[in-house]
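Worksheet: the structure to be examined is printed underneath.
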Amino acid sequence: MRGSMSLRSPCYYGLKDIAELLGGDYYAYKGLELLIKHSGGIISLDELDEELLLLLEGERLAFPIESQKDSLAWGMRVVALGSLEIPYFLRIFFSELRNGKASWEDAVKKYYDRIGEDSETMLEIVKRVVESRKGYFISGSEITAISEDYGKDGGVIIAELKGAGIISPFSGCGRSVARIEEIYGTPLYEVNKFLVKLFLKCR
């Protein structure tokens, strides 16, 4: 059966709204300035310092370009002072914010339009994924079940969500990770923290 969510108008945010989500301080505004300026994709090293790196990476707004073992996982990116890459759907979001207002729903739809996907269906799947998460985590089996509700292949949808920067494989080792996987299931994915904040603010 196809899943459903209540219909509502997209939420639009201005610069002040987004800055407040990020703490409302100097670094929140400076980080936003860089995200808007470099919404084409890459924030260069010469415009960053350690505080900005921690903010942007911590909020899942941008990531170090280099990764360990060529992994796509956000947690495997090399946390060092270097150029940062903005996730694809957020490039669209911050490009729109440059013009005064932005909607995460519109950004998601525009991204999937660009890659030739059914953007309306993908938006509903993204909403379901964010709604179904536990904290910032969701299992691959949950994403597959959501995808099948819309007649989609779970493996394809997971790949497309990763490509957009909406989810990332969760990586790590030790008892704490094993415990998280025991609670949430495997394979485990992390949902973009900034997207979750936008989603919750809009409810």
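The values are calculated or read from the model by the stated rules, or taken from the named source; none is laboratory data. Fair warning: this is a prediction, and the values are worked out from it, not measured in the lab. Backbone-built Cβ (ideal geometry, glycine too); neighbour counts: all protein chains shown. Calculation scope for accessible area: heavy atoms of the full protein, side chains included, ligands and nucleic acids excluded. Shrake-Rupley method; radii C 1.70, N 1.55, O 1.52, S 1.80 Å.
Summary of computed values
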{"quantity": "Probe 1.4 Å, accessible area per residue of the stretch 99-179, Å²", "calculated": "43"}
{"quantity": "Spatially proximal aspartates and glutamates relative to LYS109 (Cα-Cα < 15 Å; intrachain offsets below 8 disregarded)", "calculated": "GLU96, GLU117, ASP118, GLU120, GLU124, GLU160"}
{"quantity": "Reachable lysines, given that their alpha-carbon falls under 25 Å from the alpha-carbon of LYS110 and they are not under 8 places away in the same chain", "calculated": "LYS16, LYS37, LYS101, LYS127, LYS152, LYS162, LYS193, LYS197, LYS201"}
{"quantity": "Solvent exposure ordering (accessible area, 1.4 Å, most first) of TYR136, TYR111, TYR88", "calculated": "TYR88, TYR136, TYR111"}
{"quantity": "Local net charge near LEU21, Cβ-Cβ under 13 Å (Lys/Arg +1, Asp/Glu -1)", "calculated": "+1"}
